[in-house]
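> First the structure, then my questions, so here it is.
The values are calculated or read from the model by the stated rules, or taken from the named source; none is laboratory data. Please read all numbers here as calculations on a predicted model, not as lab measurements. Neighbour counts are summed over all protein chains in view; Cβ atoms, including those assigned to glycine, are modelled from backbone coordinates with ideal geometry.
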Amino acid sequence: MKSEKILSEIESLHYWDARVLKFDSSFFGDEITLVFEDTEFNVKLSFKGCSKFSFVTSVDDRTKPLRGLARSQIPYFLQDIEITDVLIEGHSLMNCKILMPPLNTEILCNSISIEKDIGSIT
């Protein structure tokens with residue numbers, strides 16, 4: 001199963017309590033990128049071929065613009081990532097649920113890639 005292999009690789013990075021630095025959507029939601037901080041590098045998760053994307057947070061979380069936050073002020077820390085294989089309309093996809101309080105997200109996609117960016121910790 002694709003999802004088990006990808007999840008195993010993500011879990012080997014010990015992402016628990018890692019600060020989320022970036023969470024972006026591109027190409028009308030077709031690609032979603034999540035970058036989190038590790039001790040020696042940043043990790044970029046790329047979700048491609050996305051057909052469903054949802055995120056839920058509290059209204060209080062969005063009363064102040066997040067754009068101006070310094071890195072140390074970003075309030076999102078990874079708590080749990082679940083990835084499962086699903087078959088929808090004959091297509092083999094992956095469903096990914098990410099818990100990073102106060103934000104929760106769910107992404108349905110064709111593929112997930114993992115990149116380590118050693119030069120980006122500052």
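> Could you grab the pairs with beta carbons closer than 6 Å, sequence gap of 6+ or different chains, first residue in region 104-122 and over 25 Å from ALA70 (Cα atoms) and among the acidic types (Asp, Glu), second one in a strand (DSSP E or B) and at pLDDT 95 or above?
GLU106/LYS97
> What are the residues in region 49-105 that are of a type in the set (Gly, Ala, Ser) and closer than 16 Å to LEU21 by Cα, if any?
Within region 49-105, GLY68, ALA70, SER72 meet the criteria.
> Residue by residue through region 53-104, note down the ones that are at pLDDT 95 or above and of a type in the set (Lys, Arg).
The one that is at pLDDT 95 or above and of a type in the set (Lys, Arg): LYS97.
> Those residues that are among the aliphatic types (A, V, I, L, M) and touching a residue at least 60 places away in the same chain (Cβ under 8 Å), I need them from region 14-34; list them, please. Spell out how you get there, then give the answer.
Here is the first cut: in region 14-34, the residues among the aliphatic types (A, V, I, L, M) are 18, 20-21, 32, 34.
Passing the criteria: ALA18, VAL20, ILE32, LEU34.
> For region 63-82, check the following and say yes or no: at least one residue is closer than 18 Å to LYS5 by Cβ and surrounded by 13 or more Cβ atoms within 10 Å (Cβ to Cβ).
Taking every residue of region 63-82 in turn, at least one turns out to be closer than 18 Å to LYS5 by Cβ and surrounded by 13 or more Cβ atoms within 10 Å (Cβ to Cβ).
> From the set of residues in region 87-116 that are loosely packed, with under 13 Cβ neighbours inside 10 Å and polar (S, T, N, Q), which is farthest from PHE77 (Cα to Cα)?
Among those residues, the one meeting the criterion is SER92.
> Name the residues in region 1-28 that are of a type outside the set (D, E, K, R) and surrounded by 14 or more Cβ atoms within 10 Å (Cβ to Cβ), would you? Can you show your working first?
Residues of region 1-28 that are of a type outside the set (D, E, K, R), as a first pass: 1, 3, 6-8, 10, 12-16, 18, 20-21, 23, 25-28.
Selection gives SER3, ILE6, LEU7, ILE10, LEU13, TYR15, ALA18, VAL20, LEU21, PHE23, SER25.
> Restricting to region 46-59, give me the number of residues that are over 16 Å from MET100 (Cβ atoms), loosely packed, with under 14 Cβ neighbours inside 10 Å and of a type outside the set (A, V, I, L, M, F, W, C).
Result for region 46-59: 1.
> So, one more: Note down all Cβ pairs under 6 Å where the first residue falls in region 70-86 and is within 16 Å of ASN104 (Cα to Cα) and in contact (Cβ under 8 Å) with a residue 24 or more places away in the chain, the second is surrounded by 14 or more Cβ atoms within 10 Å (Cβ to Cβ) and polar (S, T, N, Q), and they're at least six residues apart or on different chains.
Partner pairs satisfying both residue conditions: ILE83/SER3.
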